[in-house]
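Encoded as structure tokens, the structure appears first; notes follow it.
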Amino acid sequence: MSTHPIVDAAIALQPLISEHHLEAEENACLNPAVVEAAGKAGLFRLYAPKEVGGLEVNPIDAFKAIKAVSAADPTLSWYIVNSVPACLAASGLPEKERNALFAEPDKNFGFSAVISGRAIPEGEGYRLSGSWPVVTGSVDSRWCALLGMVMDGDAPRKVNDKPDVRIFLVPTEKLEILPTWKNSAVMRGTGSNEAHATDIFIPENFAYKPGTEPVFKRPLYTYPPQVHSMPLFAAVVVGVLNAALESATNEIANKISGITGLSQREQPASQELIAESNALVRAVRSGCLDTMERSWELASKGEEIPPKLRAEVYSSCFLAADLGREMVSKLYAKGTRAAFMQGHPLERALRNIHAIVGAIDARRAGFQYSAGRVLLGGEPLDPGF
């Protein structure tokens, strides 16, 4: 399988991203030059349909591109993965609305996975109100994809005995954005501020219902979205772990103990840690890519992805999250005193990896537990499995 040019583009952006990552920490938002360069490269439309200028990249190359970006600064990767829901939703929108969404195709999308909105049906659409405490990328976006519940009086409207949950595509200019993220301690560059909607009218065609029949019958859009999108979160973990390992390796290789006068690289504990970390990052990366390649091979031929293979995709993602968090914590604990300083690569990796895995944990009950059930011969718990 040939590699999409976006992977090389992501690698080429690493120096620019690294140059501004401390500035992003200080300002609690990404540098405009970084956002512009990432947008022009197409990183915010990895999964968008080609009809609107999307790259429609296969998941394997998306994983590799996001891993490269994450090694430089995972906060930019968070912009990328949080633009994916709107890109996938576009495949189910009519042409007029789809084109409006991508009128400025280089822009990222704001996103919140919290179902905080309440939508009251009105005419050919809904009146949306609600507060979303964390909306990644809202400060730079033209549109935000916000989850909400369609109401029937005071209760959620039911469709097939399930709440009618929608992804509401809202022009950012209609939202009230509060600069709350300046007080965050993790992933500060994401600018994940609080957003409020008050009685905003959302036309029916901008109230995307997950599971809507896609307009384009192509592999990215005809399978459950999580099977192609969840591994992208694992790519962020692998990128952060790569960067932490590189930092720790360089420091340990050159550190002389001020107490014993011995080189830290000659200490068995240091040697074991680096060897274990090196093997782990390769194993985790290979495990994710193996399941992705097998599932994509079937998807690209229009064949069913068996439940057990989906289970392997999801379980690989959660293992990457758990082992990545554990290993970054070990690298920090066993590193030099320099890592105690704010802004040090290991200090940043420690803070950020816990936030990243925290977001992955939110999907654990529905997908990791379901993966175990399926591998044991049962049925998945989550309908989106």
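Please treat every number below as a calculation from the coordinates, not as lab data. In this text, all values refer to a predicted model and were calculated from it rather than measured experimentally. Note that each Cβ is placed from the backbone with ideal geometry, even for glycine, and that neighbours are counted across all protein chains shown.
Results, tabulated for the structure shown:
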{"quantity": "In nm, spacing of pseudo-spin labels at Lys50 and Ser257 (7 Å Cα→C-beta vector)", "calculated": "6.0 nm"}
{"quantity": "Summed residue charge, Cβ within 12 Å of Leu346's Cβ, Lys/Arg positive, Asp/Glu negative", "calculated": "+2"}
{"quantity": "Kirkwood Rh in Å, taken over region 5-90 so that all alpha-carbon pairs contribute", "calculated": "12.8 Å"}
{"quantity": "Residue-averaged 222 nm ellipticity for the chain, from DSSP H runs of 4+ at -39500 (n - 2.57), nearest 500", "calculated": "-16000 deg cm²/dmol"}
{"quantity": "Separation between Cα centres of region 44-101 and region 123-162, rounded to whole Å", "calculated": "21 Å"}
{"quantity": "Reference-scaled alpha-carbon Rg (2.2 N^0.38 Å with N residues) for region 62-128", "calculated": "1.39"}
{"quantity": "Built amide H within the under 5 Å cut-off of Gly148, gap 5+", "calculated": "Gly117, Arg166, Phe168"}
{"quantity": "Net +/- balance of residues flanking Pro32 in space, Cβ distance below 11 Å, scoring K and R +1, D and E -1", "calculated": "-3"}
{"quantity": "Region 98-217: equivalent-ellipsoid semi-axes (sqrt of 5 x gyration tensor eigenvalues, Cα, Å)", "calculated": "24, 18, 13"}
{"quantity": "Nearest-ten-degree value, helix 268-300 long axis tilted from longest Cα axis of the chain", "calculated": "30 degrees"}
{"quantity": "Cut-off 15 Å between beta-carbons: net charge of the residues surrounding Gly324, Lys and Arg +1, Asp and Glu -1", "calculated": "+3"}
{"quantity": "Peptide ranges 253-265, 309-321 listed from the most packed, as the mean C-beta count within 10 angstrom indicates", "calculated": "309-321, 253-265"}
{"quantity": "Percent antiparallel among DSSP beta bridges (both partners in region 109-208, rounded to 5)", "calculated": "80 percent"}
{"quantity": "Angle between the chain longest axis and helix 225-254 axis [Cα atoms, degrees, rounded to 10]", "calculated": "20 degrees"}
{"quantity": "Over the chain: Rg over Rh, Cα atoms, Kirkwood Rh", "calculated": "0.99"}
{"quantity": "Pairs of Cα atoms farther than 24 Å apart, region 225-375, %", "calculated": "40 percent"}
{"quantity": "Reachable lysines, given that their alpha-carbon falls under 19 Å from the alpha-carbon of Lys217 and they are not under 8 places away in the same chain", "calculated": "Lys50, Lys96, Lys209, Lys301"}
{"quantity": "Using alpha-carbon coordinates, inclination of helix 32-41 to the longest axis of the chain, degrees", "calculated": "70 degrees"}
{"quantity": "Translational diffusion of region 138-209, µm² s⁻¹ [Kirkwood Rh, Cα pairs; Stokes-Einstein; 37 °C; 0.692 mPa s]", "calculated": "237 µm²/s"}
{"quantity": "Per DSSP, loop trypsin sites (Lys or Arg not before Pro) in region 70-124 with at most 10 further Cβ within 10 Å", "calculated": "none"}
{"quantity": "Hz values of 3J(HN,Hα) by residue in region 315-322 - Karplus curve (6.51, -1.76, 1.60), Gly and Pro given as x", "calculated": "5, 5, 5, 5, 5, 4, 5, 5"}
{"quantity": "Packing-based ranking, highest mean first, of 244-251, 41-48, 72-79 given that Cβ atoms within 10 Å are counted", "calculated": "72-79, 41-48, 244-251"}
